[in-house]
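Chemist: Can you keep this structure in mind? I'll have questions shortly.
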Amino acid sequence: MHKPELLAPAGNMEKLKIAVHYGADAVYLGGQAFGLRNMADNFSVAEMGAALDFCHSKGVKAYLTINSYPRNEALVELEQYLAQVAPLPFDAYIVADPGVIDAVRQVSPERELHLSTQANTINWRSARFWQQQGVRRINLAREMTLNNITETVKAVPGMEFEAFMHGALCISYSGRCLISSMLTGRDANQGECTHPCRWSYHLVEESRPGEYFPVVEDENGTFIFNSRDLCLLEHIPALIGSGLHALKIEGRMKGINYVASVLRVYRRAIDEYLDNPAAWVCRPEWLEELAKLSHRGYTTGFLFGQPLDVGQEYQSAYIRSHDFVGVVDEVQGDGTLIISVRNRIKTGDVIEFIGPGMRSDTLTLGLFSSLPERGQPVPAEIAQPNSRILLSVPFDVEAGDLLRREKTTSP
Ligand code: SF4
């Protein structure tokens, strides 16, 4: 059985290192232009070099997203950008626009090309067309069913295919959406989406400005555009069985908590399936882990046909049960941890440490030491966000492990 690539988002250097720590086989990242996630931190050209060194030293592939649809005015800048990144050993570029493909062919003719989901490939003839253009891999449109995916993979031998298996969904066709452009002047297809599909909407009658009427009775408003998030964890055997080469996680703008938690679940689920397909079950603790993350309800999207009402989230915007509170920066020689605090913590908090392979240990926080920029550590009972603390714990922890706290255990 072939092993599919687990492909993870890397919105910045920290997220990239977390993705590698939690088992990604490959990561995708954007530069500061042309990458459709202009509001993620993204990478400068110098940072890309460091990111590639890091990934390749760990045997992880790295792909550069250049999947916006630039207008004529941006083409000179595009060519300059392509020339800047040309010496960097990216394993592939992720592209969508034929004009960008043309420009890459001119500047980096040997570069492997992966076609973005933005190109909306939804049938095998499209896939064959792109193969004839020299594209190596296609990320299939999220609107495809499992049967369509399987047929398309079989119909175009030699082409690699990937599909999203987890993350946010657009309510428009493969992200070809104008809501953000209309409401905020920021064009989703230029990487500037402000995600207005996730805002709360009401109805206003023309002659009564300022009076807001709910379309459906709900104290949180009406989320008429609000899609649930994609989660195909339970269908990993079917996805692998379809012949997909890569299974992709959405979310370059999400935090390291999301990257770590989603990856540790999918890494484990895929590995268990490959080890013993006949005995594979989707473990409840994996689903519980995904439920702990901020999400908008889960759906299988179009995998089994039209999602109808199961794809629409009518209740509230986001659900999550845990707060991410810190990350282990370093494990010192004597086992003491240096922790970067991201949310206020205090003595008495019940903190869970999570690591790759679904490793998890919990402790009630006692006294710890805060670590000032300069000077000696000071005993402390409270640590504020963006501070660092020293802590000893009675279990094994690695740099890159995360700390989280159930939302009810601390104000
Ligand atoms: S507004 Fe929503 S549906 Fe439209 S592109 Fe942005 S995320 Fe997608």
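The values are calculated or read from the model by the stated rules, or taken from the named source; none is laboratory data. None of the values given here were measured: they were computed from a predicted structure. When we count neighbours, we look across all protein chains shown, and the Cβ atoms used for this are built from the backbone with ideal geometry, even at glycine. Each accessible area value is taken on the protein alone, full model and side chains, heavy atoms only, with ligands, DNA and RNA left out. Shrake-Rupley method; radii C 1.70, N 1.55, O 1.52, S 1.80 Å.
Chemist: Take the solvent-accessible surface of the protein heavy atoms, probe 1.4 Å, and return the percent of it on the chain that carbon and sulfur atoms account for.
Modeler: 50
Chemist: Can you list the trypsin sites (Lys or Arg not before Pro) in segment 63-117 that are in a DSSP coil and have 14 or fewer other beta carbons within 10 angstrom?
Modeler: Arg71
Chemist: Apply the Kirkwood formula to the chain: the hydrodynamic radius equals the inverse of the mean of 1/r over all pairs of different alpha-carbon atoms; give it in Å with one decimal.
Modeler: Computed over the chain, the radius equals 22.8 Å.
Chemist: In addition: Tell me, what is the FRET efficiency for Ser321 and Glu151 to the nearest 0.05, using R0 = 41 angstrom and their Cβ-Cβ distance as r?
Modeler: With a Förster radius of 41 Å, E is 0.55.
Chemist: Per residue, how much accessible surface does segment 322-406 expose to a 1.4 Å probe? Answer in Å², no decimals.
Modeler: Each residue of segment 322-406 exposes 49 Å² on average to a 1.4 Å probe.
Chemist: A follow-up question, please. Give a residue-ordered list of calculated ³J(HN,Hα) values for segment 335-349 (Karplus: 6.51 cos²θ - 1.76 cosθ + 1.60, θ = phi - 60°; whole Hz; x for Gly, Pro).
Modeler: Result, rounded to whole Hz: x, 5, 9, 9, 10, 8, 8, 10, 9, 3, 10, 8, 3, x, 5.
Chemist: Here is a further query. Over 28 Å between Cα atoms, which of Lys248/Lys346; Lys254/Lys346; Lys17/Lys407; Lys154/Lys292 qualify?
Modeler: Result: Lys248/Lys346; Lys154/Lys292 exceed 28 Å.
Chemist: Could you tally the net charge around Ser360, taking each other residue with its Cβ under 15 Å from the Cβ of Ser360, Lys/Arg +1 and Asp/Glu -1?
Modeler: Result for the neighbourhood of Ser360: -1.
Chemist: So, by mean Cβ neighbours within 10 angstrom, what's the order for 237-246, 44-53, 8-17 with the highest one leading?
Modeler: Listed from highest to lowest mean packing, they are 8-17, 237-246, 44-53.
Chemist: Here's a follow-up. Roughly what % antiparallel, to the nearest 5, for the DSSP beta bridges in the chain?
Modeler: If we restrict to bridges inside the chain, about 55 percent are antiparallel.
Chemist: Right, another one. Compare the peptides 395-405, 371-381 by average per-residue count of other Cβ atoms within 10 angstrom and give them in order, highest first.
Modeler: Ranking, from highest mean packing down: 395-405, 371-381.
Chemist: Using each residue's phi in segment 97-108, evaluate 6.51 cos²θ - 1.76 cosθ + 1.60 at θ = phi - 60° and report the 3J(HN,Hα) Karplus result to the nearest Hz, with x for Gly and Pro.
Modeler: Result, ordered by residue: 7, x, x, 5, 4, 4, 5, 5, 4, 6, 8, 9 Hz.
Chemist: Still on this model: Would you pull out the residues with amide H under 5 Å of Phe43's amide H, same chain only if 5 or more places away, H placed 1.01 Å from N?
Modeler: Gly30, Gly31, Gln32
Chemist: May I pose another question? When the Karplus curve 6.51 cos²θ - 1.76 cosθ + 1.60 is applied with θ = phi - 60°, which whole-Hz ³J(HN,Hα) does each residue of segment 370-387 get, with x for Gly and Pro?
Modeler: With coefficients 6.51, -1.76 and 1.60, one gets 8, 10, x, 3, 10, x, 7, x, 10, x, 8, 10, 10, 10, 8, x, 6, 9 Hz.
Chemist: To continue, here is another question. Could you pull out every residue, at least 5 positions away or on a different chain, whose amide H is within less than 5 Å of the one on Val325? Hs are placed 1.01 Å off N in the peptide plane, and Pro or chain starts have none.
Modeler: Close amide H contacts, sequence-distant or interchain: Leu403, Arg404, Arg405.
Chemist: Taking amide H atoms as placed 1.01 Å from N in the peptide plane, list the residues 5 or more away in sequence, or in a different chain, whose amide H sits under 5 Å from that of Asp187.
Modeler: Here the answer is Glu192, since their amide H atoms fall under 5 Å of that of Asp187.
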